[in-house]
1. Please state which one of 126, 118 is in contact with a strand residue (DSSP E or B) (Cβ under 7 Å, 6 or more places away or on another chain) and β-branched (Val, Ile, Thr).
2. Could you list, in sequence order, all residues of the range 41-65 that are over 18 Å from residue 92 (Cβ atoms), within 27 Å of the chain's Cα centre (by Cα) and among the charged types (D, E, K, R)?
3. Cβ-Cβ under 6 Å, sequence separation 6+ or interchain: first residue in the range 278-303 and open to solvent by 60 Å² or more (accessible area, probe 1.4 Å), partner not in a loop (DSSP other than H, G, I, E, B). Which pairs?
4. Give the number of residues within the range 133-178 that are free of Cβ contacts under 8 Å to residues at least 12 places away in the same chain and closer than 29 Å to residue 244 by Cα.
5. Take residue 450 and decide whether it is modelled with pLDDT of 85 or more, of a type outside the set (A, V, I, L, M, F, W, C) and either open to solvent by 40 Å² or more (accessible area, probe 1.4 Å) or over 27 Å from the mean Cα position of the chain (by Cα) (or both).
6. Suppose we keep only residues that are under 24 Å from residue 149 (Cα atoms) and assigned to a loop (DSSP other than H, G, I, E, B) within the range 388-423. Which one would you say is most open to solvent (accessible area, probe 1.4 Å)?
7. Got at least one residue in the range 154-172 being outside the structural domain of residue 295 (by the TED database) and modelled with pLDDT under 85?
8. Within the range 71-83, is even one residue within 28 Å of the chain's Cα centre (by Cα), in the same structural domain as residue 51 (by the TED database) and within 13 Å of residue 38 (Cα to Cα)?
Amino acid sequence: MHEENKAAQNGCGKIRSGTQNEAALLALMEKTGYSMVQENGQRKFGGPPPGWEGPPPPRGCEVFVGKIPRDMYEDELVPVFERAGKIYEFRLMMEFSGENRGYAFVMYTTKEEAQLAIKILNNYEIRPGKFIGVCVSLDNCRLFIGAIPKEKKKEEILNEMKKVTEGVVDVIVYPNATDKTKNRGFAFVEYESHRAAAMARRRLIPGTFQLWGHTIQVDWADPEKEVDEETMQRVKVLYVRNLMISTTEDTIKAEFNKFKPGVVERVKKLRDYAFVHFFHRDDAIAAMSVMNGKCIDGASIEVTLAKPVNKEGTWKQHFNGQISPSSENLLGFPNKEDGHQKSLGRTASLSVRLNGQQSPGPPEVERCTYPFFPGIKLTPISMYSLKSSHFSSAAMHLDYFCNKNNWAPPEYYLYSTTSQDGKILLVYKVLIPSIADGSQSYFMPDKLCTTVEGAKELAAQFTLLHL
């Protein structure tokens, strides 16, 4: 048994007194030379450590730790996490009662140490029968702002956000899929730090806050997962966005072949974005440099390297109006990553089986049950105040996505036919009134189901992939 576990067992079954806690923490500080300060509901150990010179470690050096026993503190936790490398800062979230809140953030001095901590300490038995979860912590500096008037330009949105919040670095605005003179009704605001973004979110979150006479929606933007440099060095697929709906795959292939004929292997277009596959990586890099910002059918396109999904991954659908730049052949879902870096427990996802084949399942979520004790206070909330990771159903995800973009709820229309063996087969047609237009009036999958629930899930998944 690990020494840490033995130490933990000694404290298990009896709660340490405040004096014992203080003595243990003082001994830790004396041994390591680190300082410790408690402020704003957290206790910081280090940050910087003794003798540190220069700026703090870059992004990617911090990990999130969950499921920490509430009566466990730095004197037990720090030795465990020091196994992976030198700790720059350990932040334990604290309750007013003196217990910890069950989670912490550990920043190492290098990204390699943070990755090692995830590898060796995720699902680590910190006490008998108590397993902690360790995953990458994303220092989010970006907010999602919804319900923005569609006629507003990037410069107007940027200036307005600078007026009402501090630390604004940039605003990302995407053109409407069918009318490039308008935005999509939302924007992403980039701040200089996580703290600046958090302060802005706090200021903007009340439902009464308005911009241009509109009550806006504010939430954290779903952060993109980082892909390691070694993997990116092998990518030979380009992600092309801001295309016209009417632009064809043949046109895209012809345009990307212009600078060097015959280099494009194939093109896959989905609504107003596409993935361009090249035979060789060097040609993909060259094409990206040449084609970024070029006009195709009157639209100025954006071209970047496609980001592959982790082999263990599933749904890369972000509920912010776009699919994250990842190769479309990785959007098949089965055996892919669940897309939730904080989902520490894994269970089987809901899925639909069609003719012996498994259809795309919705993202997995942690399904844990907790005892409901008498007297527990319950607070009424709206499902739209939750994160997308709280939903395991594609239909719920689609409803959430429409609400977040200030669209009317999706409408489902059920159709049936009869198979050769006499079974009734079902399919849903999905209409989203807010975006219905001449070129895309509805969404309907190309497979039929034997159950109503399966047909609805498949239709919702299909719609999400093509929005």
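The values are calculated or read from the model by the stated rules, or taken from the named source; none is laboratory data. Predicted model only: the values in this text are computed from it and were never measured. When we count neighbours, we look across all protein chains shown, and the Cβ atoms used for this are built from the backbone with ideal geometry, even at glycine. Note: accessible area is taken over every heavy atom of the protein model, side chains too, but ligands, DNA and RNA are not part of it. Shrake-Rupley method; radii C 1.70, N 1.55, O 1.52, S 1.80 Å.
1. Values: 126 fails: in contact with a strand residue (DSSP E or B) (Cβ under 7 Å, 6 or more places away or on another chain).
Answer to the selection: 118.
2. The one that is over 18 Å from residue 92 (Cβ atoms), within 27 Å of the chain's Cα centre (by Cα) and among the charged types (D, E, K, R): 59.
3. Matching pairs, first to second residue: 279/265; 292/303; 302/241.
4. Of all residues in the range 133-178, those free of Cβ contacts under 8 Å to residues at least 12 places away in the same chain come to 155-156, 159, 162-163.
The next check asks that each one be closer than 29 Å to residue 244 by Cα; those that pass are 155-156, 159.
The number of residues fulfilling the criteria is 3.
5. Numbers: modelled with pLDDT of 85 or more: yes; of a type outside the set (A, V, I, L, M, F, W, C): yes; either open to solvent by 40 Å² or more (accessible area, probe 1.4 Å) or over 27 Å from the mean Cα position of the chain (by Cα) (or both): yes.
Yes, satisfied.
6. 406
7. The first filter runs over the range 154-172 and keeps only residues outside the structural domain of residue 295 (by the TED database), leaving 154-172.
Imposing the further condition that a residue be modelled with pLDDT under 85 reduces the set to none.
Looking through the range 154-172, none of the residues is outside the structural domain of residue 295 (by the TED database) and modelled with pLDDT under 85.
8. No.
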